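Since every read-out is calculated from the coordinates, none of them should be taken as a lab result. Just so it is clear, the model here is predicted, and its values are computed rather than measured. Don't worry about glycine lacking a Cβ; one is built from the backbone with ideal geometry, like all the others, and counts go over all protein chains shown.
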Amino acid sequence: PPYNHENLQQTFAGIFSALRQSLSMVLEQSAVSLDLVERKYGIHVAPITDPSLTKTASFVIAVKADIPTEMLRTRFPTQAKLAPVENIRELISTQLPGLRIRPLPVAPRQIPYHAGFTYFEIDSTGELWAAMQQSGGFAVHLGAEYPGLIMELWAIRS
């Protein structure tokens, strides 16, 4: 309706109705945080509650430790072993590599940025990834000590 200074309610009723409708919509988040729980022997586990994530999302692990960022960026991919929870012990005992991880130049825009964190993308190709798609969750094992270690695992829907 046209602007009527004498009847503002009628003038703005349509706008307020559209605003209420837009604000009440629930939007699906494009990024999902997966809780990494520390277990025995330096293994952290993140259960996957939505199995479709391994087929439709990319995964990023954010890491912070009390060491220089560049050192973390170069050492973490070689000293961390990521794998399906069902395979991690075998990979550790046979010293085979896990899923490949690559450092990202910046944090993906879909996940919260935290100062001091280094972000790594988990490679979603190969035999081990096929096993990951049937798995109940991710497992992370570190072959070295990282003082003040904080890790976050994120699934980013495509």
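Modelled spin-label separation between residue 145 and residue 52, with each label point placed 7 Å from Cα along the Cα-to-Cβ direction: 4.5 nm. Over the residues of the chain, the helix contribution to mean residue ellipticity at 222 nm works out to -8000 deg cm²/dmol, using -39500 (n - 2.57) for each DSSP H run of at least 4. Placing R0 at 25 angstrom, the Cβ-Cβ distance between residue 107 and residue 78 gives a FRET efficiency of 0.70 after rounding to 0.05.
Please determine, in degrees from 0 to 90 and to the nearest 10, the orientation of helix 69-79 with respect to the longest principal axis defined by the Cα atoms of the chain, where the helix direction is its Cα long axis. Approximately 60 degrees, to the nearest 10. Of all DSSP-defined beta bridges confined to the chain, some 100% are antiparallel rather than parallel. Normalising the Debye intensity of the chain to I(0), with uniform scatterers on Cα atoms only, and taking log10 at q = 0.08, 0.10, 0.19, 0.20 Å⁻¹ returns -0.33, -0.45, -1.20, -1.31.
Take every pair of alpha-carbon atoms less than 8 Å apart whose residues are at least six positions apart; their mean separation over the length of the chain yields a relative contact order of 39 percent.
If you look at the Cα atoms of region 1-91, you get an Rg and a Dmax of 24.7, 77 Å.
The long axis of helix 8-24 is offset from the longest Cα principal axis of the chain by roughly 20 degrees. Between residue 37 and residue 115, the contour length at 0.36 nm per residue exceeds the Cα-Cα span by 25.9 nm.
Taken along the Cα-to-beta-carbon direction at a fixed 7 Å, the label points for residue 158 and residue 9 span 5.2 nm.
Taking label points 7 Å from Cα along the Cα-to-Cβ direction, residue 89 and residue 70 give a separation of 4.1 nm.
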